[in-house]
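Enquirer: Structure below; questions to follow.
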Amino acid sequence: MKNYVLHIPEGVRDYLWEESYLKQQIEDKTRKLFTSYSYNLIETPTFEYLDVFTLGDESYQNPKLYKWMNKQGEIVALRSDMTRSIARVVATQNSNRPMPQRYQYVSNSFRYPERYQGKVHEFTQAGIELIGASSIEADVEVINLAIEAMEAVGIEDFTIHLGSAKFLECLLKDIGATKAQQANIYEAIDKKDAVKVQNILRDTQATEALIDVISKLMQQVGGIELLEKVKAQPFSQATLHTLEELENIYKALVEDNKAEYILFDFSILSYASYYTGMMFQGYTEGIGEAVIEGGRYDKLLAYFGVDVPAVGFGLNIYAVLQQVKSNKQPTLPAKTLMICEPETRKIMKQIATQFRQEGLVVEQSVVKGLEEALDYAIAAEIGGVLHFKNEEEVDVYDLADRTVQTVALTSLQEEGE
């Protein structure tokens with residue numbers, strides 16, 4: 001029988017010691033970067049009314065929400081998406097503030113994927129939302145920031161796959177695909193099922209030549225030459241216009257020296273159904289899912305009563321952590337253990353405060369006896385030990401060979417002055 005006291009549910013995990021410290025460093029780096037771009041930090045409730053996460057969502061990929069009925073008889077759900085929570089805040093609290101509005105967050109979200117997929121159900125995302133701007137320049141700012149975020153958290157080898165929700169929407173409209181057929185095509189693309197895509201397209205107005213082009217396109221990823229190849233196809237003006245938007249974004253990224261990261265990918269889909277324009281996902285070697293995901297969503301806020309455009313992205317901290325851990329061994333900051341005698345307790349605390357103000361990590365011994373304290377320091381891999389043995393002298397221990405050097409207490413006090 002399973003011991004529920006000693007186990008945790010499927011899809012969640014503990015973060016301990018070095019891993020937890022590394023996770024915090026990654027989060028701090030994203031906050032610092034986003035703040036430098038004038039994005040303001042926001043926190044929203046861990047759970048909200050179910051409607052916040054389902055309003056306007058007709059997607060075949062509607063995430064499995066953690067939901068329940070509270071004591072008031074209302075259906076609430078754990079946050080599955082910070083974007084929707086921020087949309088609610090804009091509509092209810094910040095609608096009168098000047099546009100554009102910039103938000104940043106580092107928050108946990110919860111989604112229930114299909115069983116046996118090996119995916120986490122609770123994960124931390126760091127992201128931004130740029131609300132109230134519809135320009136290409138806004139799209140470029142967000143993509144630039146996504147690239148800089150990947151670099152800031154220590155991911156060195158990565159690509160940004162750039163696509164368009166509007167391109168696929170226009171293309172399927174051109175060939176007369178019904179809503180049901182569109183949903184089936186999206187599902188087939190998501191599962192990389194090219195045969196199913198072709199079979200569904202044959203029930204539309206698409207010619208065999210166009211079916212061949214579309215099915216191949218859904219399996220290709222490439223540079224600017226792929227975009228040029230797609231633009232040469234006999235698509236409608238509306239469909240070609242979506243490609244021109246991607247080209248303009250690319251040209252701006254060339255000017256910003258960021259184009260080297262860009263690959264065009266017309267099979268990009270998302271768990272979120274609200275994307276309306278350009279979409280992008282970031283991938284790195286060794287991680288089988290997108291590390292970063294974002295795009296333009298110009299219709300979502302209208303469902304909340306504020307009809308303004310928006311664009312943003314989220315960075316999967318859990319995925320980043322796995323990648324960074326594989327590149328380097330996480331380490332905790334060096335620590336110093338201080339040991340005192342009854343008569344040196346006050347001066348030891350003064351020196352400890354001085355060290356901490358200088359940014360050092362200081363631990364005060366709480367075990368009985370010097371030998372026991374030294375044994376603990378060795379077992380805990382503490383970097384250095386200071387024993388305040390009297391009011392004039394301090395013993396500095398080298399734990400590697402158990403040697404000790406005596407220094408004057410005044411020398412420690414002078415170091416901080």
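The values are calculated or read from the model by the stated rules, or taken from the named source; none is laboratory data. No experiment lies behind these values; they were computed from the predicted model shown. Please note: Cβ atoms are built from the backbone with ideal geometry, for glycine as well, and neighbour counts cover all protein chains shown. Each accessible area value is taken on the protein alone, full model and side chains, heavy atoms only, with ligands, DNA and RNA left out. Shrake-Rupley method; radii C 1.70, N 1.55, O 1.52, S 1.80 Å.
Enquirer: Only one of TYR112, TYR103 is surrounded by fewer than 18 Cβ atoms within 10 Å (Cβ to Cβ), among the aromatic types (Phe, Trp, Tyr) and touching a residue at least 40 places away in the same chain (Cβ under 8 Å). Can you tell me which?
Expert: On the way: TYR103 fails: surrounded by fewer than 18 Cβ atoms within 10 Å (Cβ to Cβ).
Answer to the selection: TYR112.
Enquirer: Right, SER134: within 24 Å of the chain's Cα centre (by Cα) and crowded, with 20+ Cβ neighbours inside 10 Å or not?
Expert: So SER134 fails the test.
Enquirer: A follow-up question, please. With the checklist (1) open to solvent by 30 Å² or more (accessible area, probe 1.4 Å); (2) over 18 Å from the mean Cα position of the chain (by Cα) in hand, flag the one item GLU122 doesn't pass.
Expert: Single failed check for GLU122: (2).
Enquirer: All but one of (1) closer than 22 Å to ASP190 by Cβ; (2) open to solvent by less than 30 Å² (accessible area, probe 1.4 Å) hold for VAL221, so report the exception by its number.
Expert: (2)
Enquirer: Please find, within the stretch 371-398, the residue that is nearest to THR344 (Cα to Cα) out of those that are in a helix (DSSP H, G or I) and open to solvent by less than 50 Å² (accessible area, probe 1.4 Å).
Expert: If we take residues in the stretch 371-398 being in a helix (DSSP H, G or I) and open to solvent by less than 50 Å² (accessible area, probe 1.4 Å), then ALA373 is nearest to THR344 (Cα to Cα).
Enquirer: Hey, can you tell me all the residues within the stretch 270-282 that are surrounded by fewer than 21 Cβ atoms within 10 Å (Cβ to Cβ) and either touching a Leu at 6+ places or on another chain (Cβ under 9 Å) or on the phi > 0 side of the Ramachandran plot (or both)?
Expert: THR276
Enquirer: Then there is this: Kindly provide the set of residues from the stretch 399-417 that are open to solvent by 40 Å² or more (accessible area, probe 1.4 Å), outside any helix (DSSP H, G or I), of a type outside the set (Ser, Thr, Tyr) and modelled with pLDDT under 85, ordered by number.
Expert: ALA400, ASP401, ARG402, GLU417
Enquirer: Separate question: Filter the stretch 219-248 down to the residues that are among the aliphatic types (A, V, I, L, M) and either under 26 Å from the mean Cα position of the chain (by Cα) or at pLDDT 90 or above (or both) and list them by number.
Expert: VAL221, ILE224, LEU226, LEU227, ALA238, LEU240, LEU243, LEU246
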